[in-house]
Amino acid sequence: MAMRKKIKVKSSKKAKTQKKATGKKRLVGDYIGVVSTIRIDQEFRNRFKAEVVASIPSMDVKYKPNLSYDKLKLTKEIKKFNSDPKCALIVTVGGLVAYEAANSFLNDTGDKNFVSLIGGKPTNQGTHFYGGVSLESYDSNDDRIAHLAGKGYNSSDICLFHNLNSEMRTKEINKWKGDANPVHGGNDKDGKNDKTTLTADFSKITKPAVIVSADPFFLDSKDELIRAANNSGKYVCYPLQDYASAGALQPTPNRATLFGPDLKEAYKQLGQQAARAITAKAPLKVVEATNHRFDIT
């Protein structure tokens, strides 16, 4: 009897890699497009991409930083990523304003899905929002007030320092339980973000303690903000661990608390969320970054 020869069908190495990375379906696109209102530092780039390539080795990342709080600029770059078939996913960082630009455009005319690093969970999630990381920025203010109460400050002694251009400003003020007269800063005469006004703005605060809003522009201008806070003589509660600068400029010892997430951890979580979103069949839940509390001594 003649022996039948088995014929093996070879699959390409690339196809195997794609199947392994995505599970049951092939990847659509070669890179993730990141849109940011502020600078994207090397720490973000390293930690975010490391988590992405750990799950999808072939995936690249392209960045569009420093777009400010201008929704037209943000939408323009989101539109470019959306129209590029090589873009697998859009990621927004730098506050709710970037999220809102992506959510609005993609739900109206877009095709791509997106994930975001945001200050609080959005209530208007569209069908293209596939999850992200929430810093729980303004939702943590009650805990910050309670911490300052342990240092002898009544709620009426604690001022909120916020940015007029922050997308979360209204929500934050509505939930604020400290002094009834928050002070805004970091804005020029036309209302645009301007870090050179921070020292003068801090001088308008009459209360002995301050909680700084977790506005992305404030973090992007942290040297100027820390200098203004130190010069004010107030007790200052910063909303992120990242205000402990590695440089010579530090918050005043015994006059400052860092109360909030560490962005390095949030960047890692965002990379994980982005990788999952590319292969997900349904939107992911927004994960919360972990708060840490550290008194500068």
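For the stretch 226-274, what are the residues that are in contact (Cβ under 8 Å) with a residue 40 or more places away in the chain and aromatic (Phe, Trp, Tyr)?
235, 259, 267, listed by residue number.
Look through 166, 134 and report the one residue that is in contact (Cβ under 8 Å) with a residue 60 or more places away in the chain, closer than 24 Å to residue 287 by Cβ, touching a Lys or Arg at 6+ places or on another chain (Cβ under 7 Å) and of a type in the set (Ser, Thr, Tyr).
Values: 166 fails: touching a Lys or Arg at 6+ places or on another chain (Cβ under 7 Å).
It is 134.
Of everything in the stretch 192-245, what is closer than 16 Å to residue 140 by Cβ and among the charged types (D, E, K, R)? Give them in sequence order.
215, 242, listed by residue number.
Being assigned to a strand (DSSP E or B), surrounded by 23 or more Cβ atoms within 10 Å (Cβ to Cβ) and either assigned by TED's automatic domain parsing to the domain that holds residue 93 or among the aromatic types (Phe, Trp, Tyr) (or both) is the filter here; which residues of the stretch 211-253 pass it? Spell out how you get there, then give the answer.
Restricting attention to the stretch 211-253, the residues satisfying the condition of being assigned to a strand (DSSP E or B) are 211-212, 235-238.
With surrounded by 23 or more Cβ atoms within 10 Å (Cβ to Cβ) added as a condition, the list becomes 211-212, 236-238.
Correct list: 238 only.
Using beta carbons and a limit of 7 Å, which pairs, at least six apart or on different chains, have the first residue in the stretch 275-291 and without any contact (Cβ under 8 Å) to a residue 40 or more places away in the chain and the second one outside any helix (DSSP H, G or I)?
What qualifies is 290/261.
The rows are residues; the columns are (1) in a strand (DSSP E or B); (2) out of contact with any Gly (no Cβ under 9 Å at 6 or more places or on another chain); (3) of a type in the set (Lys, Arg); (4) surrounded by fewer than 18 Cβ atoms within 10 Å (Cβ to Cβ).
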position	(1), (2), (3), (4)
35	yes, no, no, no
40	no, no, no, no
45	no, yes, yes, yes
49	no, no, yes, no
58	no, yes, no, yes
67	no, no, no, no
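Quick one: count up the residues across the stretch 36-92 that are small (Gly, Ala, Ser) and free of Cβ contacts under 8 Å to residues at least 12 places away in the same chain.
Here is the first cut: in the stretch 36-92, the residues small (Gly, Ala, Ser) are 36, 50, 54-55, 58, 68, 83, 88.
Next, only the ones that are free of Cβ contacts under 8 Å to residues at least 12 places away in the same chain stay: 83.
Of the residues in the stretch 36-92, 1 are small (Gly, Ala, Ser) and free of Cβ contacts under 8 Å to residues at least 12 places away in the same chain.
When only residues in the stretch 265-296 that are under 13 Å from the mean Cα position of the chain (by Cα) and closer than 30 Å to residue 252 by Cα count, which is surrounded by the fewest Cβ atoms within 10 Å (Cβ to Cβ)?
265
Hey, among 76, 62, which residue is assigned to a helix (DSSP H, G or I) and surrounded by fewer than 18 Cβ atoms within 10 Å (Cβ to Cβ)?
Values: 62 fails: assigned to a helix (DSSP H, G or I).
After ruling out the rest, the residue left standing is 76.
Are any residues in the stretch 194-210 among the hydrophobic types (A, V, I, L, M, F, W, C) and either in contact with a helix residue (DSSP H, G or I) (Cβ under 6 Å, 6 or more places away or on another chain) or part of a helix (DSSP H, G or I) (or both), and if so, which ones? Show your work before the answer.
Within the stretch 194-210, the subset among the hydrophobic types (A, V, I, L, M, F, W, C) is 198, 200, 202, 205, 209-210.
Listed by number, the residues that qualify are 198, 200, 202, 209.
The values are calculated or read from the model by the stated rules, or taken from the named source; none is laboratory data. From a predicted model like this one, the values you see are computed outputs, not experimental measurements. All Cβ positions, glycine included, derive from the backbone under ideal geometry; neighbour counts span all protein chains shown.
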